[in-house]
């Protein structure tokens, strides 16, 4: 017998402010694809959607783990071999005074766990604009405040340390650094990192160092782990297999807690409470961590060679016409060109998609200085796809420039 229900299910208020620009544009792309238009995807940072493949020795490590029946639950913080491999990798980056290492379902779970263990309702965390929108989404869910600080486009997207200083108050719990940065591709300078670390010490705040793109340095820029600059500084360093090791769908990430033990003891305990409550990351996939971090890395250089060519095409074409300019990426596979257009960058991205099939993400979805307009492109696709997509973009720009 069917029953009549009359009460609408009310979602939690905490979900009202959650947006995620990278994925939100996909719904419109699906609509446009149904019309038969050729689609040119420059929106998702998934190397395996294009001509990049997960290294065979990682796959073999997982298959062996499955055959050896490592298919049950693992320890909440990760299997011992993986944790030790992460510690060795951290040491290669000169990170010392390690207080904890934990393996998670992607770097995103590590970030969510660490934010959840840190902030109470009304607290704030400083996040970069532009920056990865996950931090805002998680903080909205936690009823905490994502407080932006601005990267300086005129200085190659380096963080503006004085801008960070102005935004810290008595509710600030942490500063987020994404280095190399998504969406700009910048690698932060050592001198900038030192200033941020000194500021964090002065103000008594934690540093979250998201370094997921550290294997994808494209032009010889020096990548420095901020935790390496002071072994006493409380820092959480995030990384994983998704980007540098070309295994995003495996959802394996980790966090490394380093710094003064007395300052971090209670926080580490809180992190581990949350880790125990969600059981563990995928057990067989964790067996790829040792293979990745201690194994051969020739594939990384091949990946870089492809990305350098595609980065150069991106930089050349997105600086070749009036109304658009683009800082050259030092790392990762993103560019964040500035637009001189009518209307908003979100309207531009939607119009570009409907008219040309080129899928990008509006810059406002990553945060940007008021009065500026940008879009993010992913330069993972093959060179001929990039050239066609950028030609379409530039042709559409001609019709939508200011003036």
Work out, step by step, the length gained on full extension between residue 219 and residue 261: first 0.36 nm times the residue separation, then minus their alpha carbon distance; give nm to one decimal.
11.5 nm
If I take R0 = 45 Å and measure r between the Cβ atoms of residue 401 and residue 203 in this structure, what FRET efficiency does the formula 1/(1 + (r/R0)^6) give, to the nearest 0.05?
0.55
For residue 309 and residue 276 in one chain, what is 0.36 nm times their gap in residues minus the Cα-Cα distance, to one decimal in nm?
7.5 nm
Can you give me the distance in nm between label points at residue 320 and residue 394, each placed 7 Å from the Cα along the Cα-to-Cβ direction?
0.3 nm
Sort largest first and round to whole Å: the equivalent ellipsoid semi-axes of the stretch 56-294, each the square root of five times a Cα gyration tensor eigenvalue.
29, 20, 16
Taking the Cα atoms only, what angle lies between the long axis of helix 80-92 and the longest principal axis of the chain, rounded to 10 degrees?
70 degrees
Square roots of five times the Cα gyration tensor eigenvalues for the stretch 1-99, Å:
39, 26, 20
FRET efficiency for residue 70 and residue 294, Cβ-Cβ distance as r, R0 = 25 Å, nearest 0.05?
0.90
With 10 angstrom as the radius, rank 40, 279 by how many other C-beta atoms surround their C-beta, starting from the fewest.
279, 40
Run the simple label-point estimate for residue 160 and residue 120 please: 7 Å along Cα→C-beta, distance reported in nm.
3.2 nm
For 84, 215, ascending order of other Cβ atoms within 10 Å (fewest first) is 84, 215
Quick one: go through the stretch 325-343 and flag any residue whose amide nitrogen is under 20 Å from the point 7 Å out along the Cα-to-Cβ line of residue 301.
331-332
For the chain, give me the percentage of DSSP beta bridges that are antiparallel, rounded to the nearest 5 percent.
55 percent
Solution diffusion estimate, µm²/s, Stokes-Einstein, the chain, Kirkwood Rh from C-alpha pairs, 25 °C, viscosity 0.890 mPa s
111 µm²/s
Percent relative contact order for the stretch 97-238, counting Cα pairs under 8 Å at least six residues apart, stands at 21 percent
With 19 Å as the cut-off, how large is the P(r) tail for the stretch 278-341, expressed as percent of Cα-Cα pairs?
56 percent
I'd like the distance between the alpha-carbon centres of the stretch 359-383 and the stretch 288-320, rounded to an integer number of Å.
20 Å
Computed label-point distance, nm, for sites residue 53 and residue 33 using a 7 Å Cα→Cβ extension
2.3 nm
Enter the Cα centre distance for the pair the stretch 57-82 and the stretch 226-261, rounded to the nearest angstrom.
20 Å
Output the relative contact order of the chain, whole-number percent, from Cα pairs under 8 angstrom with separation of 6+ residues.
24 percent
Please order 267, 390 by the number of other Cβ within 10 Å, starting at the fewest.
267, 390
Bridge orientation stat for the stretch 56-294 from DSSP, antiparallel percent rounded to 5, came to 45 percent
Per residue, the convex hull enclosing the alpha carbons of the stretch 144-204 has a volume in Å³ of 83 Å³
What share of the DSSP beta bridges in the stretch 161-301 is antiparallel, in percent to the nearest 5?
40 percent
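Rule-based calculations on the coordinates, nothing more; no lab input. Being a predicted model, the structure only gives us computed values, none of them experimental. Here Cβ is always computed from backbone atoms with ideal geometry, including for glycine, and neighbour counts include all displayed protein chains.
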